[in-house]
1. For residues in region 352-379 being under 16 Å from residue 403 (Cα atoms) and polar (S, T, N, Q), which is nearest to ligand 2 (Cβ to nearest atom)?
2. With within 16 Å of ligand 3 (Cβ to nearest atom) and among the hydroxyl-bearing types (Ser, Thr, Tyr) as the only criterion, which of 563, 652 stands out?
3. Has region 44-52 got at least one residue that is within 16 Å of ligand 2 (Cβ to nearest atom), part of a loop (DSSP other than H, G, I, E, B), buried (at least 24 other Cβ atoms within 10 Å of the Cβ) and not small (Gly, Ala, Ser)?
4. Can you name the condition, by its number, that residue 355 falls short on among (1) surrounded by 24 or more Cβ atoms within 10 Å (Cβ to Cβ); (2) part of a helix (DSSP H, G or I); (3) of a type in the set (Val, Ile, Thr)?
5. Can you tell me how many residues within region 689-739 are within 16 Å of ligand 3 (Cβ to nearest atom) and not hydrophobic (A, V, I, L, M, F, W, C)?
6. Which of the residues belonging to region 155-172 are away from ligand 2 (no atom under 16 Å from the Cβ), in contact with a Ser or Thr (Cβ under 7 Å, 6 or more places away or on another chain) and assigned to a loop (DSSP other than H, G, I, E, B)?
7. Would you please list the contacts, defined by Cβ atoms under 8 Å and residues six or more apart or on different chains, that run from a residue in region 204-220 that is over 13 Å from residue 237 (Cα atoms) to a residue that is among the charged types (D, E, K, R) and within 10 Å of ligand 1 (Cβ to nearest atom)?
8. How many residues does region 747-762 contain that are more than 25 Å from residue 101 (Cβ to Cβ) and buried (at least 24 other Cβ atoms within 10 Å of the Cβ)?
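The values are calculated or read from the model by the stated rules, or taken from the named source; none is laboratory data. All values derive from a computational prediction rather than experimental measurement. We place every Cβ from the backbone using ideal geometry, glycine too, and count neighbours over all the protein chains shown.
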Amino acid sequence: MSAQTEKSSSPTAGGWGSAKAVVSSLAKEHVLLHGAALLTHQNKPDGYMCVGCSWAKPAHPHPLEFCENGAKATAWDITSKTVPPDFFAAHTCTQLLEWSDHDLEKIGRLTAPMRWNAATDKYEAIGWQEAFDDIGRRLQPLEPDSAVFYTSGRASLETSYMYALFARLYGTNNLPDSSNMCHESTSVGLPKTIGVPVGTVTLEDFEHTDCMLFFGHNTGTNAPRMLHQLQDAREQRDVPIITFNPLREPGLIAFRNPQAPAEMMTGKKTQISTQYHQVKVGGDTAALAGLCKYLIEADDRARAQGGVPVLDHAFIAEHTHGFEAFAEAMRSASWDQIERHAGLTRAALEAAARVYAQAKAAMVLYGMGLTQHRNGVQNVQMITNLLLLRGNIGKPGAGVCPVRGHSNVQGQRTVGITEKPDKIPADKLKALYHFDSPTSKGMNTVEACEGILDGRVKAFIGLGGNFARATPDHSRMEPAWATLDLTVSVATKLNRSHLLHGRVSYLLPCLSRIEIDRQAGGEQAVSVEDSTGCFHGSKGRSEPNSDLLLSEPAIVAGLAKATVGARGNVDWDAWVADYARVRDAIEATYPDIFKDFNARMWSPGGFHRPLGASERRWNTETGKANFVVPETYDEDPDMPEHDGQVLRLMTTRGDSQFNTTIYALDDRFRGIKGTRKVIMLNADDMQRLGLAEKDVVTACTVAHDGYDREVSGLEVRAFDIPAGCAWSYYPECNPLIPLWHYAKESKVPAAKSIPITLRKQA
Ligand SMILES: Nc1nc2c(c(=O)[nH]1)N[C@H]1C(S)=C(S)[C@@H](COP(=O)(O)OP(=O)(O)OC[C@H]3O[C@@H](n4cnc5c(=O)[nH]c(N)nc54)[C@H](O)[C@@H]3O)O[C@H]1N2
Ligand SMILES: Nc1nc2c(c(=O)[nH]1)N[C@H]1C(S)=C(S)[C@@H](COP(=O)(O)OP(=O)(O)OC[C@H]3O[C@@H](n4cnc5c(=O)[nH]c(N)nc54)[C@H](O)[C@@H]3O)O[C@H]1N2
Ligand SMILES: [Mo]
């Protein structure tokens, strides 16, 4: 409950375990030597950008600028294992549905375009042109809004721009993406408060900050390269790091740099968090309110006594709107209420607030622990409230840092992947392509699921990802896929979404970003945007896995030509021959962001997009940065009052996975081995519920909507987690999330607070 300083016995991220894991991942994919050579180019200005996370790529990289999990992602992509058409000849889809997620992807890279044959229930090889033509013929007669064009956040800026244009020329804004399940609470929350949809922190800010606060991000597993910046800040300038997380995540506790020989030999490690607060799942609005209340009341006292103010009143007066109403709400919030909802003591929250109050420049970093809640948008806005109180936006060392997920998820939004027509420059599209971009709002991820259930959606195109597995409510959703007329998946590896197909289904295998992309105009490069708003070029360096693979831009162009023909006068072939032309088109569409795109994409460290908030220009309705009064401290309106039986379940990633891609069954940092069918509980809750270590239980969702949602076979483990909370893995527990259990405003599924009860299995 209270602030804790680090004990030396705690687990450590990095270290020998990490180095060993890199070697073993390469060996498992039979690419030990080739992989090791390739990794020296990962995240380098002349190399390829890691297909894992979206953390910033420094201008002066480490000799080896990759982490254990980035190396795993690379090994997984360049594996020498392949899935030829013979494999599909030997297995029906129904048979393959019995396989685990891990087993399906582990078999290797897809090698040839395939079409599902209803008579045999098998995927069979087909020529590319025949596939494109048939897909185009089937899409053409459909009502455009009955087709969905999903994107997972790995596709490059070039591919994403082409794909969004294709969907709009076809006539729909149905462009949901993985961001709808991820940082959409950020994309909705930040524009209203600070007038930008993305974070303001850059790598340089880490060198100037005096304080970092982390909320709901598992940095050691999900953005491990950031540990270098945290280690530097701790060691060189003793910067305090305050973490709010229900779990004591090893990466946020201590780090041993696996690429620093001295640290490896001497066992030296750096303490990362100086305070660690195990907030209750869903308790962040309350915890942040506690910090804000302390600051505002301390400021009231200081000013009454003629002391030094705690708040930045000059900033508040010049740059913000709504301060008085917010301050009043915080003054009237009771500590009782705050402590109960946050699961933290007033003393602990005050200890954190005092450190924040002393920092000249502070930043807040956060992840899915904040956004994937019913109050996810409000959580994000509480963060900007806290920052605004001390003028911590728009000065060096300060700002907000939503740590994005997929390696180009932020960039896709920047170049048009969005279901919201007001987020795209329709006038520019009209000038360039002579068409009226559709004006009705498209479907986001949850709405696409609803449309699949109620029959409005007839065709689903997936550019990467594993939609059926990543989304909620599996037992309701899975049977519905068979009712679609057409499903098309552009993918590198086989996954469950490909097996849950429509009446006609295609599987189109593509190059990975790590592979050399040869086109008529020579070897091509692509580009991505990282979490700090910097754009980078990326050039593949590995020989493609099969001669039949096409690049993603080539596949999108093939589909577009066959479907929308000459509409828009786009010379799709010229774009595929030379992606620099696509970048010219991106620049013409978004001239302020992508000025001199082709020239600047190779700048070391990337080139930064202009952000008004970073210069204290506020692109909001009030023309100022807005304080927002929280509507409620109640974590979750779907959560029944605690009656001792209902637990709040959060579902997260483990160390050996990238989203639905499961590399192995271990979660090394958290000490879980050989299984993902586990549920971690507080020991007191176990006792009260009559459960013992290793009991096997069925988790059941508490929702009174007529559907039974269960996941069985979960082994119980006692874990250091706040009372009333439970933790298990994504995607195994996705069947428990009702489709309607999502963040208000952003519709991000509330994967971090599922009300469940447990039933002991015989
Ligand atoms: N190796 C690897 N890297 C990845 C990914 C991967 O799967 N593997 N996925 C990528 C993607 S798409 C994304 S979005 C990011 C995800 O990276 P994260 O944002 O770290 O996502 P999760 O793994 O879901 O972990 C959420 C964290 O929030 C904490 N948490 C849960 N509930 C709460 C809460 O109510 N309050 C607070 N304060 N904390 C809470 C959990 O304990 C956990 O530490 O990582 C990206 N990078
Ligand atoms: N319960 C729960 N659910 C969640 C979450 C959670 O924390 N809890 N997190 C949510 C979040 S943050 C996200 S981002 C989503 C992720 O949802 P998605 O982005 O849809 O899922 P991924 O698992 O990242 O997709 C993996 C698949 O992408 C394909 N792929 C990999 N590389 C490439 C490539 O280069 N090109 C193409 N075309 N295909 C490729 C492979 O076939 C692989 O099987 O899941 C969400 N779902
Ligand atoms: Mo994500």
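1. So the residue we want is 372.
2. Of 563, 652, the one residue that is within 16 Å of ligand 3 (Cβ to nearest atom) and among the hydroxyl-bearing types (Ser, Thr, Tyr) is 652.
3. yes
4. The one condition residue 355 does not meet is (1).
5. Selection size over region 689-739: 4.
6. Across region 155-172, there are no qualifying residues.
7. 215/284; 216/284; 216/752; 218/249; 218/653; 219/249; 220/249
8. Result for region 747-762: 0.
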